1. For semi-axes √(5λ) of the Cα gyration tensor in Å, the choices are [x] 38, 31, 22; [y] 34, 28, 22; [z] 37, 25, 24; which was calculated from the structure?
2. Take the range 163-277, compute every pairwise Cα distance, and split them into 10 Å bins from 0; I just need the percent in each bin.
3. Once the piece of chain linking residue 462 and residue 84 is laid out straight, how much longer is it, given 0.36 nm per residue of separation minus the C-alpha distance between them?
4. Using only Cα atoms, find the angle between the long axis of helix 315-327 and the longest principal axis of the chain, and express it within 0 to 90 degrees, rounded to the nearest 10.
5. Between 0 and 90 degrees, rounded to the nearest ten: what's the tilt of helix 339-349 against the longest Cα principal axis of the chain?
6. Which residues in the range 507-521 have a backbone N closer than 18 Å to a point placed 7 Å from the Cα of residue 455 along the Cα-to-Cβ line?
7. Points 7 angstrom from Cα along the Cβ direction at residue 534 and residue 328: gap in nanometres?
8. So what are the three principal axis dimensions of the range 52-158 from its Cα atoms, in whole Å, longest to shortest?
């Protein structure tokens with residue numbers, strides 16, 4: 001006996017416009033159209049009242065770290081607070097509540113909360129244990145003196161090739177470890193068990209369902225900066241049916257190695273073959289760091305401090321690695337923040353097959369000359385829109401060091417659209433909020449959402465490069481159909497024959513003043529027609 005659901009009482013977002021109602025049968029979209037027609041087609045169907053809201057495809061996050069986020073939510077999680085006093089109070093409270101823990105681990109602190117973006121080891125020296133707290137961007141760690149001692153890090157310890165040990169004027173390590181230097185301490189912290197990792201994945205899945213997210217691409221499946229390999233957790237959850245979201249894992253490219261790792265990556269991809277909900281068909285290459293700590297790879301030196309950042313993989317070698325990965329049918333998923341890293345990624349993707357759906361994430365700085373190359377090469381722009389605002393990290397730690405002209409090259413969403421670039425979208429959670437609707441608000445307005453901890457920053461409501469804003473339908477399409485296409489998912493579009501992966505919004509953002517888009521929430525989420533999250537009337 002078939003099961004049917006009829007969504008009515010609001011609007012349905014379709015590729016060509018809007019419809020009045022949608023009918024689901026046995027987990028598949030059976031009909032989209034006028035409410036009166038679908039009522040006649042569906043006697044006995046279970047009704048879902050949209051209450052004047054909007055029914056959209058389920059969101060697909062094209063760049064996210066749910067396992068890491070789940071682990072951090074269970075640890076000393078600083079992501080929902082801001083400022084040194086609040087951080088220290090929370091750390092002290094967590095330590096008191098967990099006397100059994102030999103380390104205080106967690107993360108989520110914001111560089112903008114500290115002068116120059118740098119906390120200090122002595123601020124954590126009140127603890128009776130070593131501490132290792134990852135910055136919200138996951139490009140640095142804040143540690144105390146005890147942690148440095150256990151790691152044997154002194155003023156004589158050299159910086160690793162892919163990182164930097166922040167130091168006091170006399171050369172003593174100050175307590176901040178950037179990029180590859182994070183591993184010097186991170187690898188000493190207690191490791192989560194396989195059960196812990198799988199529990200973190202499933203907890204994150206339920207949280208993402210509550211936000212209307214029904215699929216994603218995990219941007220690091222492997223071991224990085226003291227993290228643990230997530231592949232076994234995905235294989236276990238997918239094999240047992242507990243993974244209900246549609247997921248692609250981007251296998252981590254070890255930048256300390258070369259092409260000799262490709263056979264291992266092929267073997268890891270093969271381990272996921274035949275699974276319904278998980279595939280390991282993408283390769284994540286992190287080509288640079290971030291602008292705030294001057295590890296983003298730029299063409300001209302940073303203002304005030306000099307230096308041009310780091311290219312983690314030699315650009316000439318990169319071309320050969322990408323060509324070989326492409327020949328094996330892998331999708332390549334680049335992290336590129338600085339304009340040099342973006343150019344190096346585009347250069348490496350020149351001549352590759354668009355059918356493999358390669359993409360570059362973040363795209364903080366892109367030269368005007370490189371913007372047209374995305375469409376010309378068939379490379380998808382993977383947008384993390386939530387970052388494209390005036391906030392302390394941007395105004396105090398980026399703009400003064402990027403310089404006037406380069407600052408205008410940031411997050412060029414509208415320019416990419418004008419050149420016909422295919423767009424996908426993601427959050428980079430737990431680096432920033434996983435809520436797609438907050439990112440949608442920023443893409444349209446280029447201002448901080450009202451829910452943000454940075455909403456009251458003096459220039460937060462001044463649009464950041466407003467000429468680069470994009471319209472609501474474009475960004476919603478990027479966060480649904482665009483990201484689903486990137487993952488080769490059958491979902492992401494509301495049309496007959498597609499899986500019923502759907503999000504019921506509590507209002508219709510198209511009917512709102514654009515400045516109020518951030519007030520939109522998710523009432524219900526469906527995967528294959530099954531309600532996987534019900535937030536009630538909220």
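1. [z]
2. 12, 35, 30, 17, 5, 1
3. Difference between extended and current length: 133.5 nm.
4. The answer is roughly 30 degrees.
5. Approximately 60 degrees, to the nearest 10.
6. Only 507-509, 512-521 fall inside the zone, counting backbone N under 18 Å.
7. Taking the two extended label points, one gets 4.6 nm.
8. 60, 34, 25
We did not get these values from a lab; they are worked out from the coordinates using the rules stated. Everything numeric here is computed off the predicted structure, so don't read it as measured data. A quick note on method: Cβ atoms are made from the backbone with ideal geometry, for glycine too, and the neighbour counts reach across all protein chains shown.
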